[in-house]
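The values are calculated or read from the model by the stated rules, or taken from the named source; none is laboratory data. Bear in mind the structure is a predicted one, so any value in this text is a computation, not a measurement. Cβ atoms come from the backbone with ideal geometry, glycine included; neighbour counts cover every protein chain shown. In case anyone asks, the SASA skips ligands and DNA or RNA and just uses the protein heavy atoms, side chains included. Shrake-Rupley method; radii C 1.70, N 1.55, O 1.52, S 1.80 Å.
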Amino acid sequence: MLQVSGVSAYYGRAHILDGVTLDVGAGEVVVLLGRNGAGKSTTMKAIMGLVPPAAGSVRFQGAEIAGQEPFEIARRGLGYVPEERRIFSELSVIENLEVGRRPAAAGLRPWTPERLFGLFPSLGAMQDRPGGRMSGGEQQMLTIARTLMGNPRLILLDEPSEGLAPVIIERMAEAIRALKAEGLSILLSEQNLHFAQVVSDRATIIEKGRIRWSGSIPELLAADEVREQYLSV
Amino acid sequence: MENLVLQALSGLASASSLFLVASGLTVIFGVSRVVNFAHGSLYMLGAYLAWTLVTTLPRGHLGFWGGVIGAALLVGLIGLLVEVLLLRRIYRAPELFQLLATFGVVLIVQDLALMTWGAQDLLGPRAPGLRGSVEIVGLRFPLYELFLIGVGPVVLALLWLLFHRTRWGTLVRAATQDREMVGALGVNQRMLFTSVFFLGSLLAGLGGALQLPRESVNLHMDLSIITEAFVVVVVGGLGSLSGAALAALLIGELHAFGILIVPKITLVLVFLVMALVLVVRPHGLLGKPEAAARGGQGSAEPVIGPAPPALRWLALAALAVAVVLPPFLGDYAVSVLTELAIFVLFAASLHLIMGPGGMASFGHAAYFGLGAYGAALAAQWLGAPMLAGLALAPLMAGIFGLVFGYFCVRLSGVYAAMLTLAFAQIAWSVAFQWVEVTGGDNGILGVWPDAWAAPKLVYYYLALALCLGATLFLRRVVHAPFGYALRAQRDSTLRAEAIGIDAFRIRWLGFALAAAAAGIAGGLFAYGKGSVFPTYMGIPRSVDALLMVLLGGVQTLSGPIIGALAFTGLQEQLVRLTDLWRLILGCIIVLLVLFFPQGLAGAARARWEARHGDA
């Protein structure tokens, strides 16, 4: 579904991504693991066109999308959930969802606010609350729900567990599993291995802008030296 | 008492008109972050187009109202065209560069309007059905004014519905907060921006068209309304519609009653209020702190290094020409060269604020003018000799730089720029209205150099020495520890403060230093011309300084020098060669912004680095 190969990206003159290669299959949840500053968020942004890749190719559902603008990429069915959440703080919950709304591709059951409130019940209780007056966990749910309103085929989920209380993380994991059950493909980025291993099928490890390791979750759990080298703090 | 009621009502009518224009400006700013100087030109075009349509169409309701609405729509389309052809390409450019581009549009529109409608004031017909007047508290009040009073609230209500009850409006409000995120959610920002420009321009056009029965249509409408609209938008809070409405009300009534209560300071009053509001509420009445503008990676400022050898040789060669050539030139050419030297210093002083300081100044002419007035007043009232006058010039400008700067450097971005503008306008108004001391519009004449410096050539060398010395001093300052601190606080105020730099103090001193340097330029200019006028402090002169710095490029030290030479030389030549110098200058500005977004020196530097590696 999504193939990233040899992608490099720069901020000014700083080389952030160096030939990143990874892929996500249909209905699969792949986690991109790495420490702070390893290049996880930049990989997401490069796929989304927010940081245009300087080299390499990004193919989504068979079509090359590198070099396209973010809104074109989004319209192809790629959803982006940013790490900083970026809720429209002056818009209400329902208005935030409205901004994300896009027609669903044929054959897909479209997301509606009602369906999303089923997935995230706490949002349903605060439909008219401005986004700026929500807790971190609620904002995280809203930003995922907002992206789902665009009826994507695959979502880029950037560190959804960051800064959340354990009980909320638990609920987030449930939501991700529910989305996977719907057939949605997910590229997740995480530092939290516990969270990642519960929801993911495969893992890819990034460090200093390079992919260092790829494999299944059981393989990762077995490879102590890999975890030691790239993930332990 | 009855008079007061009428006065209040006519204040409401002005407020209504002002709101139409300001609402368009604030909506455009909210989404695109472009401070659209050309908004006043769109207003003027609305008035002119309405005049043409209304006088051409058959008389009657349909002809008049059709003409007004047609003009508004046409102006909307013109705004759309400006966005598609120009602004869309420079959304990622620095704020002031966009401002420069829109100022280019102002110049172009001025000459196009002059060519199309001529220099004479045009009088439009009165509105059919609203020609008469009504009796209010025993006095007659024009019906059309009453109609205008109604227009403002109706437009406000319609805009509110548009922004809160439609998908388009929701998208616009979202984009006002985080346009990149809106794009990542699949919204075509370009279409959104273009449509916002259409709406904002339409409102400006409508505002202008509705003035037709009220006042004559003329070529000065653009700049007079844009300053007022800026004031309203800034006082209300950038991007806030209800703020704009509130501020329009405030300013409209202030005008109406200011004339009654303090007729001597009407011009100052508006800007005093703006300054006061910004000092107390740095983001306007209903504005919110500017979110760290998202979207568009803010590119890091390049490091300023010492000039490469080639540039040094070039500078030395230019200096040699400047010293050796003048004796062989005529008086006129020598006085042009004197002005060039003066403007190089003026531009370099503004550059200190904008480049290394990272602040925006929209009213730098104030300090130029204060220097000029300092020298002239000393000559006029104290009979001071020239050198004393020249010494007083930077003192006067520097002291006011300290006072005004104390407030300005606390703000950031557009608000800071607007507060500098407010102070400049206050200084200008005082020079204009305090006739007993400053001579008002007639200025102060007979400010001539002492006998020894009277020959044009001697005065030129004096000006060259002082301006060159001051410019080199400013350059030295940038490379001194103070300059490092100045640049450090620009790049990151928090980090600078964390290592013990008092960012406020550094900015403040930088501002005052730049003001004093501009004062030297102003003092020299006064003695060079033999007279001073309020226009020395006017908005056009501040814009000239901005143009010089931005043309040359903010990011290099040689930028302002090259910019000053290019701009002054260009304007001088254009004014001599053609009546349409505004049109040509405007086109040149627009093309430069499009093709040399780093300015002339910036472009030269980029080329140099591409060929020779980092300088």
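So here's what we get for this one:
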read-out	value
Principal semi-axes in Å for region B:309-612 [√(5λ), Cα gyration tensor, largest first]	28, 25, 19
Listing of region A:87-106 residues, each with accessible area lower by at least 10 Å² in the full protein assembly than in the chain alone (probe 1.4 Å)	A:Phe88, A:Ser89, A:Glu90, A:Leu91, A:Glu95, A:Glu98, A:Val99, A:Gly100, A:Arg101, A:Arg102
Cα-based Kirkwood hydrodynamic radius, region A:112-202, one decimal, Å	13.5
Chain A - Kirkwood radius from inverse mean 1/r over Cα pairs (Å)	17.9
Accessible area of the protein assembly as shown divided out per residue, in Å², using a probe of 1.4 angstrom	41
Percent antiparallel among DSSP beta bridges (both partners in the protein assembly as shown, rounded to 5)	60
Nearest-0.05 FRET efficiency for A:Val167 and B:Ala307, computed from C-beta distance (R0 60 Å)	0.45
Taking all pairs of distinct alpha-carbon atoms in region B:464-574, Kirkwood radius in angstrom	15.7
Region B:125-221: translational diffusion in µm²/s, Stokes-Einstein, Kirkwood Rh over Cα pairs, 25 °C, 0.890 mPa s	150
Overall Cα dimensions of region B:341-391, principal axis frame, Å, largest first	40, 19, 14
Ratio Rg/Rh, restricted to region B:2-280 and using Cα atoms, in which Rh is the Kirkwood radius	0.97
Compactness relative to 2.2 N^0.38 Å, alpha carbon Rg of region B:209-279	1.16
Drop in accessible area of at least 50 Å² in the complex versus isolated chain, residues of region B:166-183, 1.4 Å probe	B:Arg167, B:Thr170, B:Arg173, B:Gln177, B:Glu180, B:Met181
Cα-derived Rg over Rh, computed across region B:366-522 with Rh taken as Kirkwood radius	1.04
Net +/- balance of residues flanking B:Val409 in space, Cβ distance below 11 Å, scoring K and R +1, D and E -1	+3
Neighbourhood net charge (13 Å Cβ-Cβ; Lys/Arg +1, Asp/Glu -1) for B:Tyr144	+2
Loss of accessible area when A meets B, both sides summed, Å² nearest 100, probe 1.4 Å	2200
Inter-label distance for B:Leu402 and B:Cys587, nm, one decimal - labels placed 7 Å from Cα along Cα-to-Cβ	5.0
Rounded percent of accessible protein surface that carbon and sulfur make up, the protein assembly as shown, 1.4 Å probe	64
Whole-angstrom gap from region B:97-138 to region A:1-60, using each part's C-alpha centre	54
Protection proxy ranking of B:526-537, B:218-229, B:82-93 - average other beta-carbon atoms within 10 Å, highest first	B:526-537, B:218-229, B:82-93
log₁₀ of I(q)/I(0) at q = 0.05, 0.11 Å⁻¹ - the protein assembly as shown, Debye sum with one point per alpha carbon	-0.33, -1.30
Nonlocal Lys pairs with alpha-carbon distance under 28 Å, the protein assembly as shown (8 or more apart, or different chains)	5
Semi-axes of the equivalent ellipsoid for region B:126-171, Cα gyration tensor, largest first, Å	34, 11, 5
Residue-averaged [θ]222 nm for chain B, counting only DSSP H segments that reach four residues, each worth -39500 (n - 2.57)	-24000 deg cm²/dmol
Residues B:Thr227 and B:Phe473, FRET efficiency given R0 of 35 Å [Cβ-Cβ distance, rounded to 0.05]	0.55
Interface residues, region A:51-74 - accessible area loss of 30 Å² or more versus chain alone, probe 1.4 Å	A:Glu69, A:Phe71
Region A:46-138 - Debye-derived log10 I(q)/I(0), Cα point model, q = 0.18 Å⁻¹	-0.94
Residue-wise HN-Hα coupling along region A:140-151, computed from phi with Karplus coefficients 6.51, -1.76, 1.60 (Hz; x: Gly, Pro)	5, 5, 5, 5, 5, 4, 4, 5, 5, 4, x, 6
At q = 0.06, 0.10, 0.11 Å⁻¹, base-10 log of I(q)/I(0) for chain B (Debye sum, equal scatterers on each alpha carbon)	-0.33, -0.91, -1.10
